[in-house]
Amino acid sequence: MNHRRIVIGDVHGHYDALMILLQAIAPHSNDQVYFLGDLIDRGPQSCQVVNFVKENRYHCLLGNHEQMLLNILTSRHITPEIMQAWLDSGGRATIASYQEAIIPHDHLEWLLSLPTYLDLGDVWLSHAGIDPLIPLAKQTADQLCWVRDAFHSMKKPYFTDKLIIVGHTITFTLPGVAPGKLAQGAGWLDIDTGAYHQRSGWLTGLDITNNLVYQVNVNQLCVRILPLEEAVTNINPAEIGDKGTGGQGRVLTL
């Protein structure tokens, strides 16, 4: 059996939905499973999600929510405002998911080891995207974990031979995209369908080998499987707003 490459969008602590999603996908031992980051925050079971992905040795990227947590735990210069911003962006739920509100050392070490991108040859993965004005060698974690409009408004692909697959920006915040739909632009595909958000609730996994989209609704715990062409909406880059904010302007949530 040929191996599949499966990419899973932002889980945000929804462990039960993730288990149902993986049951539907049914990955074999020779399949490659990749998580795009933001395993944590907002949902009720961040600890369980991190532990599951870590223990199964799945590939996982650093998301902006993991970056916020690591900054708070490892920096000596965290202000009350920075701490409050993370708590208000789902950090309270992450703390509550750990016994005695203590993140164990092995989880912290694993989170610190997460890469900011993965190059699969014809596919390139990062959490948020890439700054189109910066060479790849000079992209930082801030660009790869946080970029928004500058990436989505690209009029031509960053790579000529690779599709960029990302999460981070909930797809329905992009122009003309309905909740639960994937979004596609010039050389990129966004699969963060807003698992935690009340307007959506869909957690998405993409089988890029067979162009199949697997989704679980975290509220109803129902499953649907769609061909990629039926699940995706194409984006007009000219409709992406506010280009003057370093690519981080149109932010619905962190």
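Residues in segment 147-163 that are open to solvent by 40 Å² or more (accessible area, probe 1.4 Å) and β-branched (Val, Ile, Thr): Thr160 alone.
Residues are listed down the side, and each one gets a yes or a no for (1) in contact with a Lys or Arg (Cβ under 7 Å, 6 or more places away or on another chain); (2) open to solvent by less than 40 Å² (accessible area, probe 1.4 Å):
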| residue | (1), (2) |
| --- | --- |
| Ser97 | no, yes |
| Ile102 | no, no |
| Asp106 | no, no |
| Glu109 | no, no |
| Trp124 | yes, yes |
| Gly129 | no, yes |
| Pro135 | no, no |
| Gln139 | no, yes |
| Cys145 | no, yes |
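Number of residues in segment 17-54 that are open to solvent by 50 Å² or more (accessible area, probe 1.4 Å), touching a helix residue (DSSP H, G or I) at 6+ places or on another chain (Cβ under 9 Å) and over 20 Å from His168 (Cα atoms) equals 3.
Scanning segment 174-191 for residues that are farther than 21 Å from Leu226 by Cα and open to solvent by 30 Å² or more (accessible area, probe 1.4 Å) yields one hit, Pro175. Within segment 144-167, the residues that satisfy the criterion of being closer than 19 Å to Glu239 by Cα, of a type outside the set (A, V, I, L, M, F, W, C) and either within 11 Å of the chain's Cα centre (by Cα) or outside any loop (DSSP other than H, G, I, E, B) (or both) are Asp149, His152.
Is one or more of the residues making up segment 57-69 exposed (fewer than 14 other Cβ atoms within 10 Å of the Cβ), free of Cβ contacts under 8 Å to residues at least 60 places away in the same chain and in a helix (DSSP H, G or I)? Within segment 57-69, none of the residues are exposed (fewer than 14 other Cβ atoms within 10 Å of the Cβ), free of Cβ contacts under 8 Å to residues at least 60 places away in the same chain and in a helix (DSSP H, G or I). Selection of segment 206-239 for residues being aliphatic (A, V, I, L, M), modelled with pLDDT under 95 and under 15 Å from Asp16 (Cα atoms) yields only Leu221. Close contacts from segment 144-159, counting a first residue that is farther than 17 Å from Ala183 by Cα and a second that is open to solvent by 30 Å² or more (accessible area, probe 1.4 Å), with Cβ to Cβ under 7 Å and a gap of 6+ residues or different chains, come to Leu144/Thr116; Leu144/Tyr117; Cys145/Thr116; Trp146/Gln248.
Residue check: is Gly194 open to solvent by 50 Å² or more (accessible area, probe 1.4 Å) and either within 30 Å of Ala93 (Cβ to Cβ) or of a type outside the set (Ser, Thr, Tyr) (or both)? It is false that Gly194 is open to solvent by 50 Å² or more (accessible area, probe 1.4 Å) and either within 30 Å of Ala93 (Cβ to Cβ) or of a type outside the set (Ser, Thr, Tyr) (or both).
Filtering segment 1-16 to residues that are open to solvent by 40 Å² or more (accessible area, probe 1.4 Å) and part of a loop (DSSP other than H, G, I, E, B) leaves Met1, Asn2, His3.
The values are calculated or read from the model by the stated rules, or taken from the named source; none is laboratory data. These figures come from a predicted structure and were not determined experimentally. As a convention, Cβ positions derive from the backbone with ideal geometry for all residues, glycine included, and neighbour counts pool all protein chains shown. Note: areas computed on protein heavy atoms with side chains; ligands, DNA, RNA excluded. Shrake-Rupley method; radii C 1.70, N 1.55, O 1.52, S 1.80 Å.
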